[in-house]
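What follows is a set of notes on a single structure, which appears directly below.
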Amino acid sequence: MADSARVRIALLSTSDTDLLSARASGADYAWANPSRATDLEQVVADADLVVFRLLGSPTDLWDGLSAIKERGTPVVVLGGEQQPSAELMEHSTVPMGVAAEAHRYLAEGGPGNLAQLHAFLSDTVLLTGFGFEPPATVPAWGFAERPGSTDGKPRIGVLYCRAHETSGNTAFAHALADAIDATGAATGVPVFAGSLRSAPDDLY
């Protein structure tokens, strides 16, 4: 049982928006992108639990995970897509149900869900008593809030990934919309979407 006053979870994710959300969550995370970082051993050194989220296949897993498992640190391995990857979750040391629920928190994304993921894993795996909420659902797509009106001008969509919306990393989309507005000929409309490959009909 871990000390409920301090539980550190290492989040290793190939999605930078996961890391942005973890940083903004206020929870005790250590984080790194395993596709770029060279000091992963240092990141996980003091972790009570490790979450590894990978956009790839099991052959792309970090070799250091084996050593983490050998020393008894719980490991949660998840896929980086919206749909869970059973093939990757099988490399976890926690029950599949716990890994599947952890995936839901990350798939929905955002600082709030990352804070609750920390509490969920702390309570269910490390047997602390923080208390946690289920994953909060984020719309599959939507319009970003912007001031002003269209004044009857043509509207040009600026499409960006939903993960950027949930993590608050939206400045670039608004900058593009501002540039469209500055032409005086049209209005930029930032639109976030989870995936164009599996987009709902109402997005179009």
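The values are calculated or read from the model by the stated rules, or taken from the named source; none is laboratory data. Just so we're clear, the structure is a prediction, and the values are computed from it rather than from any experiment. All Cβ positions, glycine included, derive from the backbone under ideal geometry; neighbour counts span all protein chains shown.
Side notes on the structure shown:
- The residue that is nearest to residue 20 (Cα to Cα), among those in segment 123-156 that are among the small types (Gly, Ala, Ser) and either touching a Leu at 6+ places or on another chain (Cβ under 8 Å) or exposed (fewer than 13 other Cβ atoms within 10 Å of the Cβ) (or both), is 140.
- Hey, residue 97 in the same structural domain as residue 18 (by TED's automatic domain parsing) and surrounded by fewer than 16 Cβ atoms within 10 Å (Cβ to Cβ) or not: yes
- Search result, residues across segment 115-147 that are within 20 Å of residue 52 (Cα to Cα) and among the hydrophobic types (A, V, I, L, M, F, W, C): 115, 117, 119, 120, 121, 125, 126
- Taking the criterion of being out of contact with any Lys or Arg (no Cβ under 8 Å at 6 or more places or on another chain), at pLDDT 90 or above and of a type in the set (Ser, Thr, Tyr), the residues of segment 5-38 that qualify are 21, 25.
- Test: residue in segment 47-64 that is basic (Lys, Arg), in the same structural domain as residue 117 (by TED's automatic domain parsing), at pLDDT 95 or above and touching a strand residue (DSSP E or B) at 6+ places or on another chain (Cβ under 8 Å): yes
- Enumerated helices (runs of 4 or more DSSP H) restricted to segment 39-129, each holding at least 1 residues that are more than 16 Å from residue 8 (Cβ to Cβ) and either touching an Asp or Glu at 6+ places or on another chain (Cβ under 9 Å) or of a type in the set (Lys, Arg) (or both): 65-70, 96-108, 111-124
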